[in-house]
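These notes are about the structure you will find just below.
No value in this document is a laboratory result; all are computed from the given coordinates. As the structure is a prediction and not an experimental result, all values here were calculated from the model. Heads up, the Cβs are rebuilt from the backbone with ideal geometry, glycines too, and the neighbour counts pull from every protein chain shown.
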Amino acid sequence: MNEQDGLTGDGFTEHAPAQGWGPALIMEKARKVYPMADSEVVALDDADIVVEADEMVALVGPSGSGKTTLCSIAGGILSPTSGRVVVGGVDISTFGPKQLTRVRRELVGFVFQSVNLVPFLTARENLLVVDELGRRTGAPARRRADQLLEELGLADRAKNLPGQLSGGQRQRVAIGRALMNDPELVLFDEPTSALDTKLGMAVMELIRDEMKSRGIAAIVVTHDERITQFCDRSVHMEDGRVL
Amino acid sequence: MFLAWKEMRRAKARFGLLIAAVGLLVFLILFQQSLQNGLLTSFTGALRNQSAEVLVYRTDGRRILQASVISPDLTEMVGRDPSVAAVGRITQGTFTVTPLALGADAEPVETSVIGFELPDLGGPRFLTAGRVPENTEEAVASDADAAGGFAVGDVVRIEPGGKQLTIVGLARDAQLNVAPTLFVTYDTYRAALASRNPDAGAPLPNALGIRPAPGVTAGQAVAAINALSPELDALTRDDAAEQAPGVAQVRQSFRVIFLLYGFVVPLVTGLFFLIITFQKAPALTLLRAIGAPASRLVASLLIQVAIVLGGGLVAGVGLYAALARGRIGGVPLRFETTAVIVWVVLLSVGGLISALFSARRVLAIDPYSATTGAGVGR
Ligand SMILES: Nc1ncnc2c1ncn2[C@@H]1O[C@H](COP(=O)(O)OP(=O)(O)OP(=O)(O)O)[C@@H](O)[C@H]1O
Ligand SMILES: [Mg+2]
């Protein structure tokens with residue numbers, strides 16, 4: 001697997017510290033510039049942020065301020081134009097596409113704004129697919145998936161397809177999926193935006209419990225000030241800058 | 001395997017229909033292949049499956065056996081050539097024949113009768129039953145017509161003269177001009193002519209069967225004979241069958257049909273997978289975003305293509321094996337193993353190539369799209 005992903009001994013396997021040791025995320029002067037026809041868009045403007053190993057950070061800011069861009073770079077979905085990014089002790093600043101794919105698979109968990117589940121897989125299979133794409137541990141993965149579904153109150157929905165689940169249930173499956181690979185950092189991009197207030201609060205409570213009980217770091221992107229109360233602290237962004 | 005299989009299980013109808021469509025196309029291709037071969041065999045099988053390695057026509061007969069007449073001096077000229085070891089005269093005509101096995105008042109049928117002077121120079125090459133005729137009361141019939149009153153032991157009557165012949169053997173794939181075909185000795189042929197028209201003299205041969213001299217190949221003998229006179233048109237027996245009038249046109253027409261089908265199968269599978277790749281782009285984008293290697297998603301696609309093609313090929317060949325027997329419109333059909341192998345290989349390769357368009361789309365997916373919710377690769 002190492003060879004295939006172009007990660008050799010100096011990749012992150014050896015340097016990855018045990019969980020709870022060192023910050024989950026360090027970003028130094030991370031910059032993302034999109035060159036346009038006759039100008040450029042600076043989506044992320046020399047952002048600095050550190051998220052400790054068991055810390056839950058709310059990322060708040062107006063639309064277009066660069067929240068999704070920051071999370072994407074932190075999660076290895078985007079490469080920064082410049083700057084340093086260290087996730088779980090692994091410096092991914094200069095990683096190529098294949099190495100970043102592995103970072104996403106092994107170090108990070110994602111809950112996206114909209115599409116979060118594979119429609120032709122059941123709730124349980126949406127969790128198991130994480131293992132299928134990676135190490136293929138088989139039985140331990142099945143135990144983990146069942147345990148997560150149990151914790152998330154979805155044990156009786158395990159065999160349902162996403163289309164047969166409510167919005168809140170889908171979001172809970174997505175949380176389970178994000179935790180399947182035992183990540184260093186989970187990135188939530190507006191996890192409650194599709195839910196009503198009451199359900200949103202319930203899901204946030206669940207997220208908080210899951211993260212805290214596991215000691216996993218998280219960034220929660222939100223517009224909603226009420227969400228921030230579930231987090232340890234809030235980080236504000238504007239025009240691509242971390243304030 | 002996980003993804004490929006789960007998706008197919010959740011969309012059984014969709015994939016089932018595609019497999020059925022591919023199977024039907026495969027069946028049609030193979031069936032038409034049998035039809036073509038059956039048609040050509042009943043057209044010219046008697047030429048390909050007669051015993052002379054080389055046939056000599058007269059040029060102005062334009063490779064129609066019945067239209068070619070070889071004069072004694074041409075026969076002699078051929079016989080003198082050093083590349084020729086032996087010459088056997090061959091006559092051919094169409095007779096009205098009543099298959100008496102079907103009853104005394106059975107419907108008479110137009111029958112091709114081939115008379116050979118020497119059994120190994122114009123007689124039947126492969127007998128599936130019985131033996132070659134030994135006297136003027138016997139004939140070998142084409143095996144495709146056995147059930148039509150031409151089985152071994154059956155008696156047929158030449159009209160209007162009433163000469164009767166007993167079938168003593170059956171020749172494999174030996175029809176001429178899509179009609180029941182009888183192989184008889186030269187003397188039998190003459191007697192049959194005489195029974196029809198007592199004034200007819202000894203018939204001139206329509207063609208000559210040639211045995212090349214020792215050490216001379218069929219091709220060399222053909223060249224040597226053709227060089228003797230522009231009136232002579234020598235051909236190997238396979239060429240005589242292939243170059244009979246109409247054969248090339250039949251092959252050409254079928255080639256167009258095969259070409260169309262050969263394109264339709266990859267086109268159908270290619271488009272299908274392209275469409276479903278577009279449709280599930282959000283799911284594929286999500287999978288890439290959570291760390292699925294692109295190669296894994298492509299492998300999953302190719303597994304599905306292989307299952308669809310494999311299923312379609314099995315279904316098509318199965319249907320073909322069940323239905324490619326018996327005959328339609330007098331043309332015997334048969335399971336053609338070579339055609340099956342060739343088409344299985346061609347269609348598998350074509351289908352996989354067509355899937356590369358979908359594979360390219362999968363590879364082009366940008367996981368970043370998952371963050372915007374747009375989801376669909378551009
Ligand atoms: N592919 C791109 N090409 C050009 N500009 C882009 C691209 N992606 C993002 N941007 C720009 O980068 C800036 C930051 O975008 P980003 O998606 O990070 O904002 P956001 O804070 O997540 O906004 P929202 O709250 O609306 O989701 C925006 O001005 C956006 O238009
Ligand atoms: Mg955003």
Expected sort for B:104-110, A:120-126, B:189-195, B:345-351 on mean C-beta neighbours within 10 Å, highest first, is A:120-126, B:189-195, B:345-351, B:104-110
Mind putting a number on the dipole of chain A about its Cα centre? Charges go on the C-beta only, +1 for Lys and Arg and -1 for Asp and Glu, and I need it in Debye to the nearest 20.
-> 740 debye
What ranking do A:Ser39, B:Ser112 get, fewest neighbouring Cβ atoms within 10 angstrom at the top?
-> A:Ser39, B:Ser112
Have a look at B:Val113, B:Leu228, B:Pro82 and report the one farthest towards the positive end of the charge dipole of segment B:46-242, computed about the Cα centre with Cβ charges (Lys/Arg +1, Asp/Glu -1).
-> B:Pro82
For B:Val331, the net charge from surrounding residues (Cβ-Cβ under 13 Å; K, R +1; D, E -1) works out to +1
Please give the average number of partner chain Cβ atoms lying within 10 Å of the Cβ of each residue in A:74-81, rounded to a whole number.
-> 3
Compare the Cα positions of A:Val173, B:Val264, B:Val250 along the charge dipole of the protein assembly as shown (+1 at Cβ of Lys, Arg; -1 at Cβ of Asp, Glu; about the Cα centre) and return the one farthest towards the positive end.
-> A:Val173
In whole Å, what is the distance between the alpha-carbon centres of segment A:156-183 and segment B:281-351?
-> 35 Å
On average, how many beta carbons from a partner chain sit within 10 Å of the beta carbon of a residue in A:109-119?
-> 6
Cα lying deepest toward the dipole's positive end in the protein assembly as shown, options A:Gly61, B:Ala101, B:Phe2, charges on Cβ = A:Gly61
Least to most buried among B:Leu127, B:Leu55, by other C-beta atoms within 10 Å and fewest first, runs B:Leu127, B:Leu55
Local net charge near B:Val87, Cβ-Cβ under 11 Å (Lys/Arg +1, Asp/Glu -1) | 0
Exposure proxy check on A:Met204, A:Met56: fewest-to-most Cβ neighbours within 10 Å is A:Met56, A:Met204
Per residue of chain A, what 222 nm ellipticity follows from adding -39500 (n - 2.57) for every DSSP H run with n ≥ 4, rounded to the nearest 500?
-> -10000 deg cm²/dmol
Where does the charge balance sit around B:Asp233 when Lys and Arg score +1, Asp and Glu -1, over other residues with C-beta under 10 Å from its C-beta?
-> +1
Average beta carbon contacts from partner chains per residue of A:127-138, 10 Å cutoff = 3
Roughly how many debye, to the nearest 20, is the charge dipole of chain B about its Cα centre, given +1 on each Lys and Arg Cβ, -1 on each Asp and Glu Cβ, and no other charges?
-> 2760 debye
What is the distance in Å between the Cα centres of segment A:91-128 and segment B:8-70?
-> 54 Å
Most to least packed among B:144-154, B:289-299 [average Cβ atoms within 10 Å] | B:289-299, B:144-154
Magnitude of the charge dipole, segment B:46-242, Cβ model with Lys/Arg +1 and Asp/Glu -1, debye to 20 = 200 debye
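Cα gyration tensor of chain A, axes a ≥ b ≥ c as square roots of the eigenvalues: rounded (a/c below 1.5), prolate (a/b > b/c) or oblate?
Since a/c reaches 1.5 but b/c is at least a/b, the shape of chain A is classed as oblate.
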CD proxy, 222 nm, chain B: helix-only mean residue ellipticity via -39,500 (n - 2.57) per DSSP H run with n ≥ 4, per residue, nearest 500, stands at -16500 deg cm²/dmol
Taking B:169-180, B:273-284 and ranking on average Cβ neighbours within 10 Å, highest first, one gets B:169-180, B:273-284
Quick one, could you list the DSSP H helices from chain B stretching 18 Å or more along their long axis (Cα atoms) with average Kyte-Doolittle hydropathy of 1.6 or above?
-> B:294-323, B:337-364
Bridge type composition, chain A - antiparallel percent by DSSP, nearest 5 = 50 percent
Distant-in-sequence amide H partners of B:Leu232 (H built 1.01 Å from N, under 5 Å) = B:Thr59
